[in-house]
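Visitor: Quick one: structure below, then a few questions.
The values are calculated or read from the model by the stated rules, or taken from the named source; none is laboratory data. Here the structure is a predicted model, which means the values were calculated and not measured. Using ideal geometry, Cβ is built from the backbone for each residue, glycine included, and neighbour counts are taken over all protein chains shown.
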Amino acid sequence: MKLLAPALALFAVIMPIALFAQNGAQSPAEQRARELVQLINTGKRADMRKYIEANYSAEFLKVPMDAHLGFLSSRQDFTRGYDVVSLQEAKPGSAILLLKNKLTGEHEAIFVAVENTAPFKITGIGPRPPKLPPGEAKARTETEAGRDLAAFVKKLADGDVFSGAVLFAKDGKPVFQGAYGFANKDFNVPNKIDTKFNLGSMNKMFTAVAIAQLVEKGKLSYDDQLSKFIPDFPDAVSAQKIKIKHLLSHTSGLGGYFSDRWEKTSRASVRTVDDMMAIARQDEKLQFEPGTKWKYSNTGMLVLGKVIEIVAGKSYFEYLAENVTGPAGMANTGCFELDRVNTNLAVGYDKQYTEKGIEWANNIFEHVMRGGPQGGCYSTVEDLLRFDQALRSNKLITAESFKTLATPKPELNSPNYGYGFQVWAAENAVGHGGGFTGINSNLEMWLGSGWTAIVMSNYSGGAQPVILKMDSLIKSTLKQAEPIAKH
């Protein structure tokens, strides 16, 4: 490459990025985005490393190199490369490219931000929602949506970027369900539709429903102070400030249960809620005044499990079996102890990208010995549909109670989370996701349209493309229904 003359070099430094677009040329941000796509398409980690070292800003390079390489390698693996469709958005200092995934044929978009002066090093990258070209966002019937989902998930499974089970239902009846990959790679045991997958954080919903039942029975109130049940957690003063509603909405000021101390603790010694609380007690302290901020808190949900035990007079696990999973007909759901014999449980797997290629690791020694109120129990896609239907039919709690759980709490600084349920207000949908090494699951209940989208994967991040596809398919069926609604 020829060096620029000094005058031209100076001009390149001071020229506003917006002028590139005005002159019809690619802006530096678009150029960088196209370079990244080419890099992803090669899949060569040595080239990726060299590019990152030379073209990422000093601030962006503070992110560990493994994270940068992991993002690019995972994009190549999940897509087998991209075709660039168009420039979706251009702003001073940033660009979004609309792409087509070569593995699935789906549209995706990637965002790239750059410095304002030459050499315009990259300051940030990440996925963005794609804006489809006119005519591509077609309306679908329910049958077409199920068929399209089946074809999509098969492509992912054939490319070994999805392993797990999927259930797509309308008004409680599946329009598609399927299982893919292996529950145990060591013995080539296939996943089945009734395979039990780890829920991750999804069973926070079960904890919230249990609390709502006790509220309905008059045994506690959302406004009760934690000190009424646990006077000294995390200390006496904080226990008086924290209320049940703060714990449910992640606004309590408590932190994460999975601390450095937990990492160093023998998994075999942690099986009861009291065992879990003993770990949390050693390090937990109030991080902010309850109700003033939102911060996801596994400890908060764990504490609710202890409140349930105190109020109900039985273990959290017994209460769930008798009052939540049992009445809902969820026979394959539970908080199983992993050193016991548990039939039909999927092992979690993590795909690791290395200079030698892809290597697999399981999560057996990374996760909990037994799940609890904050997460880590097991279920199936069929049982999660039963849970969905039990909530919609008021079998577990009243309609008023469910609305309370499924409504955002902006007054508590929780605009996108209710009590134990994530809320997607624009879609009129609620549910919860769960993720950890070798775990990625999600339940979405579209309350206005009757759709239920469930995916459970035993791959790290494996559910994400399926979640996005189901969301887009549901929206496409709503387009189909629009003309009918207008007449």
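Visitor: Looking at 125, 96, 110, can you tell me which residue is touching an Asp or Glu at 6+ places or on another chain (Cβ under 9 Å) and of a type in the set (Val, Ile, Thr)?
Guide: Going through 125, 96, 110 in turn, the sole match is 96.
Visitor: Please give the helices (runs of 4 or more DSSP H) falling wholly within region 213-303 in which 1 or more residues are farther than 26 Å from residue 396 by Cα and of a type in the set (Phe, Trp, Tyr).
Guide: 260-263
Visitor: State which residue is surrounded by the most Cβ atoms within 10 Å (Cβ to Cβ) when the search covers only region 92-104 and only residues that are free of Cβ contacts under 8 Å to residues at least 40 places away in the same chain and not aliphatic (A, V, I, L, M).
Guide: 101
Visitor: Can I ask one more? Output yes when any residue across region 404-421 is in contact with an Asp or Glu (Cβ under 9 Å, 6 or more places away or on another chain), of a type outside the set (Phe, Trp, Tyr) and modelled with pLDDT of 95 or more, and no when none is. Please lay out each step first, then the result.
Guide: Of region 404-421, the ones in contact with an Asp or Glu (Cβ under 9 Å, 6 or more places away or on another chain) are none.
No, that holds for no residue.
Visitor: Continuing with the same structure: Which condition breaks for residue 430 when tested against (1) aliphatic (A, V, I, L, M); (2) more than 15 Å from the chain's Cα centre (by Cα); (3) farther than 23 Å from residue 132 by Cα; (4) modelled with pLDDT of 95 or more?
Guide: That leaves (2) as the condition not met.
Visitor: Still on this structure, please answer the following. Check residue 35 against each of (1) buried (at least 19 other Cβ atoms within 10 Å of the Cβ); (2) without any contact (Cβ under 8 Å) to a residue 60 or more places away in the chain and name the one condition it does not meet.
Guide: (1)
Visitor: Only residues in region 118-134 that are over 19 Å from residue 61 (Cα atoms) count as the first member; pair them with residues that are of a type in the set (Gly, Ala, Ser), Cβ under 8 angstrom, at least 6 apart or cross-chain, and list the lot.
Guide: If the second residue must be of a type in the set (Gly, Ala, Ser), the pairs left are 128/109; 129/109; 130/109; 131/109; 133/86.
Visitor: It is to be established whether one or more residues within region 367-388 are over 17 Å from residue 301 (Cα atoms), in the same structural domain as residue 186 (by TED's automatic domain parsing), in a loop (DSSP other than H, G, I, E, B) and at pLDDT below 95.
Guide: Within region 367-388, one or more residues are over 17 Å from residue 301 (Cα atoms), in the same structural domain as residue 186 (by TED's automatic domain parsing), in a loop (DSSP other than H, G, I, E, B) and at pLDDT below 95.
Visitor: Does residue 196 qualify as being charged (D, E, K, R) and more than 23 Å from residue 396 (Cβ to Cβ)?
Guide: no
Visitor: Still on this structure, please answer the following. What about residue 53, is it free of Cβ contacts under 8 Å to residues at least 60 places away in the same chain, of a type outside the set (A, V, I, L, M, F, W, C) and either in contact with a Gly (Cβ under 9 Å, 6 or more places away or on another chain) or loosely packed, with under 15 Cβ neighbours inside 10 Å (or both)?
Guide: Values: free of Cβ contacts under 8 Å to residues at least 60 places away in the same chain: yes; of a type outside the set (A, V, I, L, M, F, W, C): yes; either in contact with a Gly (Cβ under 9 Å, 6 or more places away or on another chain) or loosely packed, with under 15 Cβ neighbours inside 10 Å (or both): yes.
So residue 53 passes the test.
Visitor: Counting just the residues of region 304-324 that are without any contact (Cβ under 8 Å) to a residue 40 or more places away in the chain and in a helix (DSSP H, G or I), which one comes out nearest to residue 227 (Cα to Cα)?
Guide: 309
Visitor: I'd like the full set of residues that are in contact with a strand residue (DSSP E or B) (Cβ under 7 Å, 6 or more places away or on another chain) and aromatic (Phe, Trp, Tyr), limited to region 48-70.
Guide: Across region 48-70, the qualifying residues are 56, 60.
Visitor: Also, I was wondering about something else. With 199, 214 as the choices, which residue is in contact with a Cys (Cβ under 6 Å, 6 or more places away or on another chain) and under 27 Å from residue 401 (Cβ atoms)? First the steps, then the outcome.
Guide: Numbers: 214 fails: in contact with a Cys (Cβ under 6 Å, 6 or more places away or on another chain).
Result: 199 is the single residue among 199, 214 that is in contact with a Cys (Cβ under 6 Å, 6 or more places away or on another chain) and under 27 Å from residue 401 (Cβ atoms).
Visitor: Quick check: is even one residue across region 342-358 farther than 30 Å from residue 231 by Cβ, without any contact (Cβ under 8 Å) to a residue 60 or more places away in the chain, within 23 Å of the chain's Cα centre (by Cα) and surrounded by fewer than 15 Cβ atoms within 10 Å (Cβ to Cβ)?
Guide: Yes.
Visitor: Are any residues in region 171-194 surrounded by 15 or more Cβ atoms within 10 Å (Cβ to Cβ) and within 20 Å of residue 451 (Cα to Cα), and if so, which ones?
Guide: Of everything in region 171-194, those that are surrounded by 15 or more Cβ atoms within 10 Å (Cβ to Cβ) and within 20 Å of residue 451 (Cα to Cα) turn out to be 174, 175, 176, 177, 178, 179.
Visitor: For residues in region 145-165 being part of a helix (DSSP H, G or I) and in contact (Cβ under 8 Å) with a residue 40 or more places away in the chain, which is farthest from residue 189 (Cα to Cα)?
Guide: Of the residues in region 145-165, the ones part of a helix (DSSP H, G or I) are 145-158.
Still in the running and in contact (Cβ under 8 Å) with a residue 40 or more places away in the chain: 145, 148-149, 152-153, 155-156.
Numbers: 145: 29, 148: 27, 149: 24, 152: 23, 153: 19, 155: 20, 156: 19 Å.
Only one residue fits best here, namely 145.
Visitor: Can you tell which of 197, 168, 206 is buried (at least 24 other Cβ atoms within 10 Å of the Cβ), touching a residue at least 12 places away in the same chain (Cβ under 8 Å), in a helix (DSSP H, G or I) and among the hydrophobic types (A, V, I, L, M, F, W, C)? Spell out how you get there, then give the answer.
Guide: Numbers: 197 fails: in a helix (DSSP H, G or I); 168 fails: in a helix (DSSP H, G or I).
Answer to the check: 206.
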